[in-house]
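Structure record follows, encoded as structure tokens.
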Amino acid sequence: MVRTCVFWIALLCATVAAEELLTPGEEVLRALESAAEGSREQIALLREATELYRYPATAAEAEALFAAAGKATRSKNPEVRLAAVRAISSMGGAKAAAIIEPFLRETAPSPEERPALLTAIQAAGRLHAPTLIPSLLALAKSGKDPTIADQALLALGQFHKLPVRERKALVEKVLALTKSMSRNRRKWNRMRAPGLRCLQMLTGHKLNSVDLFAEWWKVAKDQKNPFGG
């Protein structure tokens, strides 16, 4: 009888000890697995995963937290998708671009999809991954939603951190886009400020018209590094 009690006490202590050895990241990952889809708990856990990702216990734990957030971007619940995109955006890294890119394909989002798209656009600017350029250009060109088009142009401006060769290619594309916009007076009146700001950020020059940028680019594009620095 005494031996049996000792055995069960030892087993209980071992179980408790094992649970106490879980890191905060492991606890969040376990809770995410059991959280109800679309619940407030799931959304709160995604925010917590973002914070824990900054200081993970191990590299494997960081990968697991990132994977959990990536999986949540495919949720059918728009609030969960938004929380997941925010998490992935904050986590950053090369893999983040591939996860947020599908969100950038929606040129005419529904009201419930719009917040996730805007969050993805802002993340694209911070990540400045070349694979995101086509989608951002398409969003800026469509112009169906002025705010989305504005944000896409401003995100493209943050790609000034690209290597010179890739930066040159992007300036060509943005210059062509802004030229086409300027032909439509009504559209250009609305898009002028973000369009010129994008060119200013990409080139490092504070010119105030598309024509001035076009004239400058005729000479600058043949320079080894027209951007300086």
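Quick note: the coordinates plus some simple rules give every number you see, no bench work behind them. Here the structure is a predicted model, which is why all the values come from computation and not from measurement. With ideal geometry, Cβ positions are generated from the backbone for all residues, glycine too; neighbour counts draw on all protein chains shown.
Structure data summary
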item: Any hit, the range 124-144, residues being basic (Lys, Arg) and within 9 Å of the chain's Cα centre (by Cα); result: yes
item: Scan of the range 110-152 for residues that are of a type outside the set (S, T, N, Q), surrounded by fewer than 16 Cβ atoms within 10 Å (Cβ to Cβ) and over 27 Å from Pro226 (Cα atoms), ordered by number; result: Pro111, Glu112, Glu113, Lys144, Pro146
item: The range 197-229: number of residues that are touching a Phe, Trp or Tyr at 6+ places or on another chain (Cβ under 9 Å) and assigned to a loop (DSSP other than H, G, I, E, B); result: 4
item: Residue among Arg186, Arg165 that is closer than 28 Å to Glu113 by Cα, without any contact (Cβ under 8 Å) to a residue 40 or more places away in the chain and surrounded by fewer than 16 Cβ atoms within 10 Å (Cβ to Cβ); result: Arg186
item: Within the range 170-183, considering residues that are surrounded by 14 or more Cβ atoms within 10 Å (Cβ to Cβ) and hydrophobic (A, V, I, L, M, F, W, C), the one farthest from the chain's Cα centre (by Cα); result: Met181
item: Matching residues in the range 153-162 - criterion: being without any contact (Cβ under 8 Å) to a residue 40 or more places away in the chain and either among the aliphatic types (A, V, I, L, M) or buried (at least 18 other Cβ atoms within 10 Å of the Cβ) (or both); result: Ala155, Leu162
item: Residue under evaluation Glu112, criteria (1) without any contact (Cβ under 8 Å) to a residue 60 or more places away in the chain; (2) under 26 Å from Ala220 (Cβ atoms), criterion not met; result: (2)
